[in-house]
Amino acid sequence: MRENHINMYHGSGSGPLVYFADSIWRPFMKSPAKSYGLFTFFFVLVVGALVSTRLLDTTTIAASGFAQRRSSTKTYVYPRKPEYKLKFPLNCTALNLTKTCPRNYPTTFNPSEDPDPSSPPMCPQYFRWIHEDLRPWAHTGITLDMVERARPTANFRLVILKGRAYVETYQRSFQTRDVFTLWGILQLLRKYPGKVPDLDMMFDCVDWPVIKSKNFAAPDAPVPPPLFRYCSDDQSLDVVFPDWSFWGWPEINIKPWEPLLEDLKEGNRRMAWENREPYAYWKGNPAVAETRKDLLKCNVSDKQDWNARVYAQNWVEASKQGYKESDLRSQCMHRYKIYIEGSAWSVSEKYILACDSVTLIVKPQYFDFFTRGLVPMRHYWPIKDDDKCRSIKFAVDWGNSHQREVQKMGKTSSRFIQEQLQMNYVYDYMFHLLSQYSKLLRYKPTIPEKAVEYCSETMACPAEGLQKKFMIESMVTGPSETSPCTMPPPYDPPSLSTILRRNEKTLTRVESLEKKYWESENQTRQS
């Protein structure tokens, strides 16, 4: 195929370009002047075709020594060494032959080869919480004993050495949480080859945090073990990490985050906010938490309309139908959407916030890696946990009579998700978190005796069905042409205190408005 492609341009084959040139050239053969002019024309044409073809092939761009990066004003072309490959193809053939990870893609990175000499942008402000999450080990560092004490609940241990990943599995997670978490980390290594430092970490894929602060508060208490998971709370020290669903959730047919963001953007355009149902919508599994069962009481009935339309998801029926009724693009049909935690934090939060309807968040206990960047009454409307129905009714009534304000709130949260939670920032958060964590290690990581090397080939090549499809869709095909965003500094105590006080004042103000609303409603009924 490659030889025929070359022959077509060099005249040794019978490709369409040769046939076209021959049919035009013959009438001019008798006139030298015309022949010379036409020869010049075709020479330029062929060279132009070759150049444009090569520029369209990013692999060939890298092989020829150039890479492009587009800025907001112009396109820059930077020289790149010919041996630096821009693409990492999925090499299943090599895996089948050797049964080991391929050795032909780079795991080191030379700063002189960085095609982006400009300063990278500042990371979103929620990155600053990385410093807070790692603060328990800021003075002591992290020893091998500390890491191994996190093993009892961990699903796996991950060691990264010289850009390669080694995994010791202790217990499989629910569904494919562990699989897609590891897949995401492997893609990080492909995105920033050689930049992720050596490290040794334990990961727990269960929802609720287990490293409780009170167990390590005494002066003679041991230093807590570092344990990574998807969420934590104010009484726990678990280190939060992006959840598995960013790379796909095959069990309920939710595609990877990058293409899903485009779907959610399309869903926002399907119906103007003012044309949507003027109620608060929620659909999910109420069986996992009492607070969700309590939410069902807020549904409309013959006696009362709390402005809520809530539905229990029948997971068995939904599974039989391939989750067609759970299409996330079709869930922006109400002006308000409710987020409520399950047994702990729920991955549904980012999907709800991406909709430009107003997000009503029932007072949460847990946080994930980005939600501490959300501001009440800017990104969402706060709902009481102990008086949900009345709180929801007030929020909807207030919003329907202050449509400009709440539409702005919905668009702000949607823009936050689309811009500050794009996949590049998810990877950058992982990069900075792991880099800061690695700096705290007081020992040199080694490969555990029972660990197995993981790479994209060992995971994606034998996969099947939606699992394989989502892996291919979310696979990083080559190193980033830009450096990770610039890590913001940690909060100093006064600034952190200011943020917390601001949020508390906002919640108090909303409660005051809600109290006045119900006092007015009661007076109206009595009169």
How many residues are without any contact (Cβ under 8 Å) to a residue 60 or more places away in the chain and either within 18 Å of Ala272 (Cβ to Cβ) or touching a Gly at 6+ places or on another chain (Cβ under 6 Å) (or both) when one looks only at segment 404-422?
7
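Within the bounds of segment 433-443, is there any residue that is charged (D, E, K, R) and touching a Gly at 6+ places or on another chain (Cβ under 7 Å)?
yes
Here's a check for you: in segment 280-290, which residue that is surrounded by 18 or more Cβ atoms within 10 Å (Cβ to Cβ) and at pLDDT below 95 is farthest from Trp398 (Cα to Cα)?
The first filter runs over segment 280-290 and keeps only residues surrounded by 18 or more Cβ atoms within 10 Å (Cβ to Cβ), leaving 280-282, 284, 286.
Going one step further and asking which of them are at pLDDT below 95, we end up with 284, 286.
Working: Gly284: 25, Pro286: 27 Å.
Taking the candidates together, the pick is Pro286.
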Quick one: is Lys444 over 20 Å from Phe203 (Cβ atoms), among the basic types (Lys, Arg), modelled with pLDDT of 95 or more and loosely packed, with under 14 Cβ neighbours inside 10 Å?
yes
Within segment 240-277, track down each residue that is surrounded by fewer than 23 Cβ atoms within 10 Å (Cβ to Cβ), β-branched (Val, Ile, Thr) and not in a helix (DSSP H, G or I).
Ile254
Among the residues listed as Lys293, Lys303, the single one being at pLDDT 85 or above and in a helix (DSSP H, G or I)
Lys293
Condition met for Glu274 (in contact with a helix residue (DSSP H, G or I) (Cβ under 6 Å, 6 or more places away or on another chain), outside the structural domain of Val206 (by TED's automatic domain parsing) and not aliphatic (A, V, I, L, M))
no
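crowded, with 22+ Cβ neighbours inside 10 Å and touching a His at 6+ places or on another chain (Cβ under 7 Å): does that describe Ser413?
Yes; evaluated as a whole, the condition is true for this residue.
How many of the residues making up segment 251-279 are over 30 Å from Gly399 (Cα atoms), more than 16 Å from the chain's Cα centre (by Cα) and at pLDDT 95 or above?
Of the residues in that region, 0 qualify.
Say we look at segment 486-527 and pick out the residues that are hydrophobic (A, V, I, L, M, F, W, C) and within 17 Å of Leu374 (Cα to Cα); which of these is surrounded by the fewest Cβ atoms within 10 Å (Cβ to Cβ)?
Leu500
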How many residues are acidic (Asp, Glu) and either closer than 15 Å to Gln187 by Cβ or in a helix (DSSP H, G or I) (or both) if we restrict to segment 455-480?
2
Test of understanding: among Arg164, Arg157, Arg177, which residue is buried (at least 21 other Cβ atoms within 10 Å of the Cβ), farther than 25 Å from Asn215 by Cα, of a type in the set (D, E, K, R) and in contact (Cβ under 8 Å) with a residue 40 or more places away in the chain?
Arg177
Looking at Asp243, is it of a type in the set (D, E, K, R) and modelled with pLDDT of 95 or more?
yes
Looking at segment 199-219, can you tell me whether even one residue there is among the aromatic types (Phe, Trp, Tyr), under 30 Å from Ser330 (Cα atoms) and buried (at least 22 other Cβ atoms within 10 Å of the Cβ)?
no
Pick from segment 324-362, criterion among the polar types (S, T, N, Q) and under 21 Å from Pro256 (Cβ atoms), ranking: modelled with the lowest pLDDT
Ser326
I want to confirm something. Restricting to segment 450-480 and keeping residues that are loosely packed, with under 15 Cβ neighbours inside 10 Å and without any contact (Cβ under 8 Å) to a residue 24 or more places away in the chain, which single residue is nearest to Trp137 (Cα to Cα)?
Pro462
His432 being crowded, with 19+ Cβ neighbours inside 10 Å, closer than 30 Å to Leu134 by Cβ and either touching a Leu at 6+ places or on another chain (Cβ under 8 Å) or among the acidic types (Asp, Glu) (or both):
no
Ser483 is checked against (1) surrounded by 11 or more Cβ atoms within 10 Å (Cβ to Cβ); (2) modelled with pLDDT of 90 or more; (3) more than 30 Å from Leu186 (Cβ to Cβ) and fails just one. What number does that condition carry?
(3)
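The values are calculated or read from the model by the stated rules, or taken from the named source; none is laboratory data. For clarity, every value in this text was computed on a predicted model and none was experimentally measured. Cβ sites come from the backbone with ideal geometry, for glycine too, and all protein chains shown count toward neighbours.
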